[in-house]
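I have placed the structure first, in the form of structure tokens, so that the comments after it can refer back to it.
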Amino acid sequence: MKEEQRAMPFKKTLLLLTISLVTFLTACNSGSTEEKIHGHLEEAVTIEADFEKHQNEITDLEKKEQELYSEIIDLSSEEFDEIKQASQEATEIIDERTDKIELEKESIEASQDEFEKTDQLIDKLEDEKAQDKGKEMYDVMMERYKSYDNLYEAYTKSLKLEKELYTMLQKEDVEQEDLTNHISKINDSYEKVLEINKKFNKETIKYNELKKEFYDAADIKVEYEDTEQNEDKSDGDKREEDEEEASTSSEDK
């Protein structure tokens, strides 16, 4: 089992970008439509702070599970007790990841509920350019939320497949062919996760750009960090490179 399993790639990491926060300075008029829109947009960002926290926790759990998987594939079939113990620990981590992804989803849903409050307000904007930019921004953000729903579905499916794998590994008479086929299913599942992950990140970056353009068009005075947009773009590029590197290293196993 040891030598054959080293040829099996396994595990990808979920890496999601978050929307950016900007500081409100002044609006055209106190209590104006523009100011109300700004309030809802930035409250949505604040709500997603929990989303970012859960993301970090999920990533840490993924790393711990990857370490256990690496231990398992380095064990021989004669070390079944150790394989069983590591598989049980990995199963517990999957349960923790499942709990965290549910909390993450709750954060995104709460963010969406807040963001959707801008829909009718954007329609009330008197400036046509600001209204058009606001609608474009709104549509991109709603696509981002849709991408997250797809990502959640794909990721939870992958978690289920992983848990099934560790259950299989706890059976001493499990066939190598069955393990190979199941790991292939997991890898296919995570390829889909990565594909949706990249789409989500691109939509996040696009939204951050459009929000800035909307604030400019609506003459909403806000304060930006000088490197804010560049950091978002470089972070996205770096994460995509990390994903490709993770995929390559997995194939070397």
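The values are calculated or read from the model by the stated rules, or taken from the named source; none is laboratory data. Note that the coordinates shown come from a computational prediction; the quantities given were computed from them, not determined experimentally. All Cβ positions, even for glycine, are placed from backbone atoms using ideal geometry, and neighbour counts span all protein chains on display.
Worth a mention:
- Applying the criterion of being farther than 12 Å from Leu103 by Cβ and of a type in the set (D, E, K, R) to the residues of segment 53-71, the residue that is surrounded by the most Cβ atoms within 10 Å (Cβ to Cβ) is Glu65.
- Close Cβ contacts (under 8 Å, 6 or more residues apart or on different chains) running from residues in segment 169-191 that are over 14 Å from Ile72 (Cβ atoms) and without any contact (Cβ under 8 Å) to a residue 40 or more places away in the chain to residues that are in a loop (DSSP other than H, G, I, E, B) and of a type in the set (Val, Ile, Thr) are absent.
- Of all residues in segment 122-148 being buried (at least 16 other Cβ atoms within 10 Å of the Cβ) and more than 16 Å from Leu210 (Cα to Cα), the one that is nearest to the chain's Cα centre (by Cα): Tyr148
- Residue under evaluation Glu92, criteria (1) surrounded by fewer than 17 Cβ atoms within 10 Å (Cβ to Cβ); (2) farther than 29 Å from Glu65 by Cβ; (3) of a type in the set (D, E, K, R), criterion not met: (2)
- Ser111 of a type in the set (Ser, Thr, Tyr) and in contact with an Asp or Glu (Cβ under 7 Å, 6 or more places away or on another chain): yes
- Condition met for Lys124 (basic (Lys, Arg) and under 23 Å from Gly39 (Cβ atoms)): yes
- In segment 23-38, residue modelled with the lowest pLDDT [restricted to those that are outside any strand (DSSP E or B), in contact with a helix residue (DSSP H, G or I) (Cβ under 9 Å, 6 or more places away or on another chain) and surrounded by fewer than 20 Cβ atoms within 10 Å (Cβ to Cβ)]: Cys28
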